[in-house]
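The values are calculated or read from the model by the stated rules, or taken from the named source; none is laboratory data. Bear in mind the structure is a predicted one, so any value in this text is a computation, not a measurement. Heads up, the Cβs are rebuilt from the backbone with ideal geometry, glycines too, and the neighbour counts pull from every protein chain shown. All accessible areas refer to the heavy atoms of the entire protein, side chains included, with ligands and DNA or RNA removed. Shrake-Rupley method; radii C 1.70, N 1.55, O 1.52, S 1.80 Å.
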Amino acid sequence: MKDMLAKAMAGKYAIGAFNILDYNSTKAVVKAAEEISAPVIIQTSAKTVIFWGSEPLISWVRELAGPSKVPIALHLDHCKDLNLIKECIDSGWTSVMIDASAKPFEENLALSRQVVNMARPKDVTVEAELGAIVGVEDDIHVKHQDAHLADPEQAIQFCLQVEPDCFAPAIGTAHGVYKGEPEIAYDRLEEIASKTGIPIALHGGTGLANEVFRQCIALGCAKVNISTQLKHTFIDEFVAYYNANSTEYNPLKVMGAQFDKLKEGIIEKIRLFGGAGKA
Ligand SMILES: [Zn+2]
């Protein structure tokens, strides 16, 4: 993932990181990237890894991404559990995220550094988080009032000591569905990105306006996470197909419809982030 992000940063575009749910959605990510010749990140939440197990997941990704001509990374999203991080590194994930952002600064720093030490000898990329990104993600619930943005001075200290390959500072985006206009702290993003030189991951990508994406990418976001959009498409398309064909009971057609819709949405996002043709 590190090489992909370095190229993206230099080229002022971002790599889409899409949270997959099953084989079908993994295939949709790969086929979308291939169709428009884009590098892409397949992202798994910790819950998804626990649900399927790391072995089935890695076998799907190897089968789909192995022969692919576009660069594809496999990334573990928000993980607090060092054992699961180790399992993913050992199983073949090419990138992991340690999310110790709920811990006090020093503890977050130590845990994140520990993961870098674990991952680097295996050439696995590490993403670390600072500050609280609001919303709901796996078991990490951050109440709005508790949410705090990443402090630029702390962020620089954190990056100097942890040396993550990718950094996720809280800059005002949220996970889940936006209930109002998000207030993005562009000034902090710019300061953190320019002073650390580390590619920034934009979390809470679903529902942001196109202009917000463009601005964040211009300021240093090289990875954009899209999760909620895929969850919604997955469920909505199932329901829509059933409602339109309620007597059919043909699961393969339902999965086909889900695949098409997922792929379409992924292509649209990759294009928006400027990744088309960059493979
Ligand atoms: Zn996130």
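Of everything in the stretch 96-123, what is touching a Cys at 6+ places or on another chain (Cβ under 8 Å) and either open to solvent by 40 Å² or more (accessible area, probe 1.4 Å) or of a type outside the set (A, V, I, L, M) (or both)? Give them in sequence order.
Scanning the stretch 96-123 gives a single hit, 99.
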Task: Within the stretch 217-233, tally of residues that are of a type in the set (Gly, Ala, Ser), open to solvent by less than 10 Å² (accessible area, probe 1.4 Å) and within 13 Å of the ligand (Cβ to nearest atom) - done: 0
TODO: Please work out if residue 172 is in contact (Cβ under 8 Å) with a residue 24 or more places away in the chain, surrounded by 15 or more Cβ atoms within 10 Å (Cβ to Cβ) and at positive phi.
DONE: no
Task: Selection within the stretch 26-45 - farther than 14 Å from residue 225 by Cβ and either touching a residue at least 40 places away in the same chain (Cβ under 8 Å) or of a type outside the set (Ser, Thr, Tyr) (or both) - done: 27, 28, 30, 31, 32, 33, 34, 35, 36, 37, 38, 39
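Does residue 256 satisfy the condition of being more than 19 Å from residue 71 (Cα to Cα), open to solvent by less than 40 Å² (accessible area, probe 1.4 Å) and without any contact (Cβ under 8 Å) to a residue 12 or more places away in the chain?
Working: more than 19 Å from residue 71 (Cα to Cα): yes; open to solvent by less than 40 Å² (accessible area, probe 1.4 Å): yes; without any contact (Cβ under 8 Å) to a residue 12 or more places away in the chain: yes.
Judged against the criteria, residue 256 is a match.
Could you tell me which of the residues 231, 263, 195 is basic (Lys, Arg) and within 16 Å of the chain's Cα centre (by Cα)?
Numbers: 263 fails: within 16 Å of the chain's Cα centre (by Cα); 195 fails: within 16 Å of the chain's Cα centre (by Cα).
Unique residue meeting the criteria: 231.
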- [ ] For residues that are assigned to a helix (DSSP H, G or I), open to solvent by less than 100 Å² (accessible area, probe 1.4 Å) and at pLDDT below 60, tally how many sit in the stretch 138-161.
- [x] 1
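If I go through the stretch 186-203 residue by residue, how many of them are part of a loop (DSSP other than H, G, I, E, B) and open to solvent by 10 Å² or more (accessible area, probe 1.4 Å)?
The first filter runs over the stretch 186-203 and keeps only residues part of a loop (DSSP other than H, G, I, E, B), leaving 197-199, 203.
Among the residues that remain, those that are also open to solvent by 10 Å² or more (accessible area, probe 1.4 Å) are: 197-199.
Total satisfying the criteria: 3.
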Task: Single residue of the stretch 62-79 satisfying the filter (in contact (Cβ under 8 Å) with a residue 24 or more places away in the chain and farther than 28 Å from residue 111 by Cα) that is nearest to the chain's Cα centre (by Cα) - done: 71
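Which of the residues that make up the stretch 189-209 are free of Cβ contacts under 8 Å to residues at least 60 places away in the same chain, farther than 18 Å from residue 163 by Cα and within 16 Å of the ligand (Cβ to nearest atom)? Outline the logic, then answer.
In the first step, residues of the stretch 189-209 are kept if they are free of Cβ contacts under 8 Å to residues at least 60 places away in the same chain; the result is 189-198, 200, 206-209.
Next, from what is left, pick out any that are farther than 18 Å from residue 163 by Cα: 190, 206-209.
Matches in the stretch 189-209: 206, 207, 208.
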TODO: Filter the stretch 70-94 for residues that are closer than 17 Å to residue 168 by Cα and either assigned to a loop (DSSP other than H, G, I, E, B) or of a type in the set (Phe, Trp, Tyr) (or both) and give the result.
DONE: 80
